[in-house]
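The values are calculated or read from the model by the stated rules, or taken from the named source; none is laboratory data. Because the structure is a prediction, the values reported are computed rather than measured. Cβ sites come from the backbone with ideal geometry, for glycine too, and all protein chains shown count toward neighbours. Please note that ligands, DNA and RNA were not included when accessible areas were found on the heavy atoms of the full protein model with its side chains. Shrake-Rupley method; radii C 1.70, N 1.55, O 1.52, S 1.80 Å.
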Amino acid sequence: MRRQATFLHLDLDAFFAAVEQRDKPSLRGKPVVVGGLGPRGVVSTASYEARAYGVRSAMRTAEARARCPHAAYLSGRFDAYREASRVVMARLREISPLVEPLSLDEAFVDLAAGEESRFLDLVGARALAEQVRADITDRTGGLTASVGIASSKFLAKIASELAKPDGIHVVEPGTELEILAPMSVRAIPGVGPATAERLRRMGVHTVEELRGLDVPELTSLLGTAYGTSLHALARGVDHRAVIAERETKSLSVEDTFETDITDPRVLADIATTMSRRLSARLRERGMSGRTVTLKIRHHDFETHTRSATLAGPTDDARTIARTATGLLAEIDSSSGLRLLGVGVSGMADWVQDDLFVTEEEPPADDEGNKVAAVPVASARARTRWPAGADVVHAELGPGWVWGSGIGRVTVRFETRTSGPGPVRTFDVNDPSLRPGTVEP
């Protein structure tokens, strides 16, 4: 905790969906859902227009389609997301050398470590945040961000949530308890439905009421680690520092779910998609790893990891996924998991070929995202022209896949700057059509 509000938390608004709306003019202002599109698909990100119909992340895509059938359902374009994230993180590093990315769309910044930002008062910090947000919108071609500034990481993240969408919230030092008091206990990280229900049975609904419980009561109810942590956070106490990226000793992908997930099939889908993302990051860095680690956090905030060491280093998504889902199968998720992560360590700069991968297995690709599922059988045939993917036609130019099936692919020809464009349908083997590249 600090006496000055020098922690900044930035969160890009509906990031994946916003990138798709930015790059596809015909989708601006309309419901957009990014995620797995197969029968076991899961929503990764929904635009605010889709959220109005009750669509949320970690929801089955089938349920999302039932709630909002007129939305555009797209697979992920991670090259586009990574490029936008690179621009945003570069801008944040202009503020301070201490930037801690939490994901592609979220990061903490320690303003106290910056040459100029360390001397800012509340008015100056707000002005800086406004400028950063404006620069991000300009440099990314229209993406918006919500920013929170406070005396700790916990309060800064709370503040950015209060600022959503596309706003700024600054917590003045000394007002932290006042701001937290009326909030639901669900506002505290780690408090999911099950924990909230336990607290409700004790007459606790708000953070202020939670402060009425002492450490022994909370640890008896929730366990030592979680109870102690909850006692501190309810009082706004958080001593965590912003940790900038260091030498890569491991790589991981993890996500905290909006609601606890109990379905083993959904969890396996998410773990498999995380493995794909992790594989892509390994290959970008020319690295591989021997040890695959699965991280889980239960509904009561109890956190565990399980690991398995391979015969040799790998960057193969299928190998990582098989190992991760095998570890997951040993976990009892009946009470609900609120966090899942997949990581690789024991890093090397070479890869041992996986002798057990056959040609019949579907190829790994970037179609999934942070909570999307992997399509089942016949993935190669179904994902040649995934919905939302960039394409280029020899005569009509750049566009994106509107949909495909039964030997046909439908393309809308438009770009980020062209305005809504026409729709045309082609044979899937049309030699004039080829995969496109991300617009810089």
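Computed values, structure above
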read-out: For segment 306-318, 3J(HN,Hα) per residue [Karplus equation, 6.51 cos²θ - 1.76 cosθ + 1.60, θ = phi - 60°, Hz, x = Gly/Pro]; value: 10, 10, 9, 9, 7, 5, x, x, 9, 10, 7, 4, 5
read-out: Rounded Å value of the spacing that divides the Cα centres of segment 43-68 and segment 84-116; value: 30
read-out: Net length gained if the chain between VAL438 and THR206 were fully extended (0.36 nm per residue, minus Cα distance); value: 79.0 nm
read-out: Extreme residue, positive dipole direction of segment 1-73, given options LEU27, GLN4, SER44 (C-beta unit charges); value: GLN4
read-out: Within-14-Å neighbourhood charge of LEU177 [Cβ basis; K, R +1; D, E -1]; value: -4
read-out: Coil-residue trypsin sites (Lys or Arg not before Pro) of segment 1-68, DSSP, other Cβ within 10 Å capped at 11; value: ARG3
read-out: Pair THR228, SER26: separation of 7 Å Cα→Cβ label points (nm); value: 5.8
read-out: HN-Hα J in Hz across segment 27-36 - Karplus 6.51, -1.76, 1.60, θ = phi - 60°, x for Gly and Pro; value: 9, 5, x, 10, x, 10, 10, 10, x, x
read-out: Highest-MSF residue in the chain out of VAL88, VAL242, VAL423 [GNM, Cα springs under 10 Å]; value: VAL423
read-out: Net charge over other residues, Cβ less than 10 angstrom from the Cβ of SER47 (K, R count +1; D, E count -1); value: 0
read-out: Segment 229-271: C-alpha gyration tensor shape, a/c 1.5 cut-off, then a/b vs b/c; value: oblate
read-out: Per residue accessible area of segment 31-83, 1.4 Å probe, in Å²; value: 36
read-out: Amide H partners (placed H, <5 Å) of ARG77, local residues excluded; value: none
read-out: Heavy-atom SASA rank of SER432, SER252, SER117 (probe 1.4 Å, accessible area, largest first); value: SER252, SER432, SER117
read-out: In degrees, nearest ten, helix 153-163 long axis to first principal axis of the chain (Cα); value: 60
read-out: Segment 67-199: C-alpha gyration tensor shape, a/c 1.5 cut-off, then a/b vs b/c; value: oblate
read-out: Computed lengthening from ILE331 to VAL123, 0.36 nm per intervening residue step minus Cα-Cα distance; value: 70.0 nm
read-out: Residues whose placed amide H lies under 5 Å from that of ALA72, excluding near-sequence neighbours; value: VAL32, VAL33
read-out: Spatial separation of Cα centroids for segment 162-224 and segment 120-139, in angstrom; value: 29
read-out: Separation of the GLU197 and ILE406 label points, Cα + 7 Å toward Cβ, nm; value: 4.5
read-out: Vicinal HN-Hα couplings computed from phi for segment 98-114 (Karplus, 6.51 cos²θ - 1.76 cosθ + 1.60; Hz; Gly/Pro x); value: 9, 10, 10, x, 9, 6, 4, 10, 8, 7, 9, 10, 8, 5, 5, 8, x
read-out: Accessible carbon and sulfur surface of the chain relative to its total accessible area, %, 1.4 Å; value: 51
read-out: Order of exposure, largest accessible area first, which applies to SER345, SER220 with probe 1.4 Å; value: SER220, SER345
read-out: Size of charge dipole - the chain - debye, nearest 20, with Cβ of Lys, Arg +1 and Asp, Glu -1, no other charges; value: 580
